[in-house]
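For reference, the structure is listed below as structure tokens.
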Amino acid sequence: MEYFLNEQQQTLRSLARKIAEQRILPVRAELDEKEEFPWELIREMASSDLLRIFIPEEYEGLGGGCLDLCLVMEELSRVCGGVAISYGANALGALPLINYGSEEQKRKYLPDIASGKRLAAFAVTEATAGSDAANIRTTAVRANRHYVLNGTKQFITNGGEAEIYSVVVMTDPARGSRGASALIVEKGTPGFSFGKKEKKMGIRASSTRELVFHDCRVPAENLIGREGQGFIIAIRTLDRSRPGVGAQAVGIAQGALEASVEYARQRIQFGHPISAIQAVQHMLADMATQVEAARALVYAAARTIDAGAKSFSEEAAMAKVFATDTAMRVTTDAVQILGGAGYMRDYPVEKMMRDAKITQIYEGTNQVVRNTIALELLKRKAMRE
Amino acid sequence: MNVVVCLKQVPGKFKIEIDPQTGTLVKGGTDNMINPFDMNALEEAMRLKEKHGGKVSAISMGPSEAKESLREAIALGADEAVLLCDPAFDGSDTWATSHILSLGIRKLGQPDMVICGRQTIDGETGQVGPELAEMLGLPFVSCVSRIEEVAEGHVKMQRMAEEGHHVVEMQLPGVISVVKEINVPRLPSLRGLMQSKKASITVWNARELGVDVAMVGSKGSPGRLVKVSRPQRSTRQELLQGSLESQVEQLIGKLREAKIL
Ligand SMILES: Cc1cc2nc3c(=O)[nH]c(=O)nc-3n(C[C@H](O)[C@H](O)[C@H](O)COP(=O)(O)OP(=O)(O)OC[C@H]3O[C@@H](n4cnc5c(N)ncnc54)[C@H](O)[C@@H]3O)c2cc1C
Ligand SMILES: Cc1cc2nc3c(=O)[nH]c(=O)nc-3n(C[C@H](O)[C@H](O)[C@H](O)COP(=O)(O)OP(=O)(O)OC[C@H]3O[C@@H](n4cnc5c(N)ncnc54)[C@H](O)[C@@H]3O)c2cc1C
């Protein structure tokens, strides 16, 4: 379908595809098997400017928006969802700085993120605070010109590999979610260490780790926005990043669809390719239709954000839910079309199915994201009455 | 260190059609790309520039679509790009191609080094590099797999040999051809790609190059393609008949006959 991408976006998309096919494809199975962080690929993406695209031009970026980021996420995910999220989580970590950071903070960190010299990550989740993100227990106590952090974040993508962490902590626990604040914590700060690296079902090339803060002193100027804004910064940041997860899902589903079509044309049963069987054809037709619908919704949500809409929680949530549920369905069907081969690691679709699952869970589970959609829907209706 | 890289645009998707009348390749299609070995040549030129300064010029003889390949070279970091293009060049053999390229390189101004690919993936003759060197009156080393050092007036390299490699020194200026083992070509950057869209590609025709059109093209080329044919497929199929046991017997007999068993 025609999505009216501008010249730079078309170029960006084909560049991302080139990187995915030439560099990621040959190593994706090995990265998955070994659970290895794709440093070499990240460096290659950096030298191709892919890490610059979502950073404003004033800070050595290329000033692209949500759609540009989605195009890259989609193309990388079409080949490997794990490498893609390592790229995506970096953008997620940079978003609070881009949107809420002070001039000095932007100048200090964004050029390094743009060049790929330092990776970023975003940390909200804790053992007690998953869907209930407001229930975070990590505290930051102001002591003169510093904050002193104590607590543990879990399941943090790019944990250990990133150098710049946007961390949501409690500066005033008595005030509940209004007592949360966002702070930048750099790797290497005394009192900041990394806990265990998780062993995962999918996206195994990515790193997911605990961040452990033990009397970790962070300069007060590392506060993003004002004290008490942490929770709102987290929510707004997720609103901006959810189309990216949607794009990851579209890419994974697209990869699974292509693998299915290819296999169906080759696999002979009952004397003809299984692609001649109508039951298989209809599965392929449904897969293709769903992927295209998901793509259209993701791009539309991304464009709504890029157009400067004031509120876009609902659009972003819809794109995330629809695309990620689609990816789960399409990758499951892909495994079905490949039959026993689909279940084997020699073929790529079982990995795609494992990778797809996480997209329904992170950046808000699809249940929680549906809550957001319903809330907006009902709020709007109530406001009209 | 000024380096000229010779780039040929070749078909990216291979569904080779041979014109039965003329016996030549039917060209066309949209999936053109830079000959893969020439990507290695360009990468090596870029590395020489990064290490020793100077500039990289990309040159190609071909139809106007080859501008796209030259644009790609610019996106990858080439400083200038020249297309040698004229209807009279159509159907040139390797001698004529090398002749045209040599005039183009002369017109650019003598570089310190000319780098070619080892061969193309369509013509596959591997003749252009050495012919070009001869015509430019320069020394030539083929199949270079590593440039060890570049010093005043000479270069020390490894070239691939059947077993192991040779270490050779060549005086500069000179011409080399490279194998794919020499490097992994970089990918372009988004900024490079966007800038290359606006870059201007110099085009020189026969007159501007001073090419005697009687000496090039399908008429002027000394080489004549006599015949191109597909190799005969010699797979014979035979369906064995009879009961399973007798089929197994027959199969064993046939495998013995063929001295496989
Ligand atoms: C691989 C991976 C990477 C991650 N990366 C990051 C990261 O970089 N940064 C970060 O901060 N976090 C990250 N997370 C955390 C992730 O966002 C959370 O896991 C997610 O929000 C769900 O929280 P939970 O795991 O605690 O599940 P829970 O909140 O315990 O949910 C369990 C189940 O209950 C359901 N549920 C809970 N509450 C509700 C409700 N109100 N309505 C309906 N259903 C509900 C959920 O949908 C789910 O099905 C990552 C997680 C994983 C697995
Ligand atoms: C089977 C066959 C069919 C042919 N059909 C045609 C035809 O239909 N029409 C036609 O015009 N010619 C045809 N030719 C000849 C064609 O022009 C040659 O391909 C050309 O002369 C270059 O030779 P090559 O491809 O073998 O290059 P090689 O000698 O293998 O190339 C070595 C290196 O020389 C350089 N180089 C080669 N060609 C160029 C170039 N054009 N510009 C810049 N650098 C270059 C590159 O660095 C390359 O890596 C045919 C040749 C063959 C063998």
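A few points about this structure:
Each row is one residue, and each column tells you yes or no for (1) in a helix (DSSP H, G or I); (2) away from every other protein chain (no Cβ under 14 Å).
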{"site": "B:Gln158", "(1), (2)": "no, yes"}
{"site": "B:Glu163", "(1), (2)": "no, yes"}
{"site": "B:Val168", "(1), (2)": "no, yes"}
{"site": "B:Ile176", "(1), (2)": "no, yes"}
{"site": "B:Glu181", "(1), (2)": "yes, yes"}
{"site": "B:Val184", "(1), (2)": "no, no"}
{"site": "B:Pro188", "(1), (2)": "no, no"}
{"site": "B:Leu193", "(1), (2)": "yes, no"}
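- Close Cβ contacts (under 6 Å, 6 or more residues apart or on different chains) running from residues in region A:142-153 that are more than 16 Å from A:Gly179 (Cα to Cα) to residues that are within 15 Å of ligand 1 (Cβ to nearest atom) comprise A:Thr152/A:Glu210; A:Thr152/A:Val212; A:Lys153/A:Ala123; A:Lys153/A:Glu126; A:Lys153/A:Leu211.
- Residue match in region A:95-110 (condition: under 12 Å from the mean Cα position of the chain (by Cα) and assigned to a helix (DSSP H, G or I)): yes
- Entirely in region A:308-385, the helices (runs of 4 or more DSSP H) that have 1 or more residues that are under 30 Å from A:Gln266 (Cβ atoms): A:313-342, A:349-359
- Within region B:201-224, being part of a loop (DSSP other than H, G, I, E, B) and open to solvent by 100 Å² or more (accessible area, probe 1.4 Å) holds for one residue alone: B:Arg224.
- Being crowded, with 16+ Cβ neighbours inside 10 Å and among the acidic types (Asp, Glu) is a condition met by no residue of region A:264-286.
- For region A:142-165, the condition of being within 15 Å of ligand 1 (Cβ to nearest atom), over 12 Å from A:Val218 (Cβ atoms), in contact with a Pro (Cβ under 9 Å, 6 or more places away or on another chain) and in the same structural domain as A:Arg217 (by TED's automatic domain parsing) holds for none of the residues.
- Screening the candidates B:Ile182, B:Ile147, B:Ile115 for the property of being within 19 Å of B:Met33 (Cα to Cα) and under 21 Å from the mean Cα position of the chain (by Cα) yields one hit, B:Ile115.
- Of the residues making up region A:264-282, just one is in contact (Cβ under 8 Å) with a residue 60 or more places away in the chain and β-branched (Val, Ile, Thr), namely A:Ile274.
- Those strands (runs of 3 or more DSSP E) lying entirely in region A:119-218 with at least 2 residues closer than 26 Å to A:Met328 by Cβ and either within 16 Å of ligand 2 (Cβ to nearest atom) or under 21 Å from the mean Cα position of the chain (by Cα) (or both): A:120-123, A:146-157
- Test for A:Thr331: is it in contact (Cβ under 8 Å) with a residue 12 or more places away in the chain and under 27 Å from A:Glu2 (Cα atoms): yes
- A search for C-beta distances below 7 Å between a residue of region A:185-199 that is over 18 Å from A:Val169 (Cβ atoms) and any residue that is open to solvent by 70 Å² or more (accessible area, probe 1.4 Å), counting only pairs 6+ apart in sequence or on different chains, returns A:Glu198/A:Phe155.
- Of the residues making up region A:1-27, just one is within 11 Å of chain B (Cβ to nearest Cβ), within 22 Å of A:Ala162 (Cα to Cα) and without any contact (Cβ under 8 Å) to a residue 40 or more places away in the chain, namely A:Arg23.
- Residue list for region A:338-385, filter: aromatic (Phe, Trp, Tyr) and within 15 Å of ligand 1 (Cβ to nearest atom): A:Tyr362
- Test: residue in region A:28-46 that is more than 17 Å from the chain's Cα centre (by Cα), within 14 Å of chain B (Cβ to nearest Cβ) and over 24 Å from A:Phe155 (Cα atoms): yes
- Those residues of region A:111-136 which are near ligand 1 (Cβ under 7 Å from one of its atoms), of a type outside the set (Ser, Thr, Tyr) and open to solvent by 40 Å² or more (accessible area, probe 1.4 Å), in sequence order: A:Gly130, A:Asp132
- Of the criteria (1) in contact (Cβ under 8 Å) with a residue 12 or more places away in the chain; (2) farther than 20 Å from A:Ser77 by Cα, which one A:Lys381 fails: (1)
- Answer residue from region A:62-86, given it is assigned to a loop (DSSP other than H, G, I, E, B) and more than 11 Å from chain B (Cβ to nearest Cβ) and is nearest to A:Val250 (Cα to Cα) among those: A:Cys80
The values are calculated or read from the model by the stated rules, or taken from the named source; none is laboratory data. Every value quoted in this text rests on a predicted model; they were computed, and no experiment measured them. Virtual Cβ from ideal backbone geometry, glycine too; neighbours counted across all protein chains shown. SASA here: full protein model, heavy atoms, side chains in, ligands and nucleic acids out. Shrake-Rupley method; radii C 1.70, N 1.55, O 1.52, S 1.80 Å.
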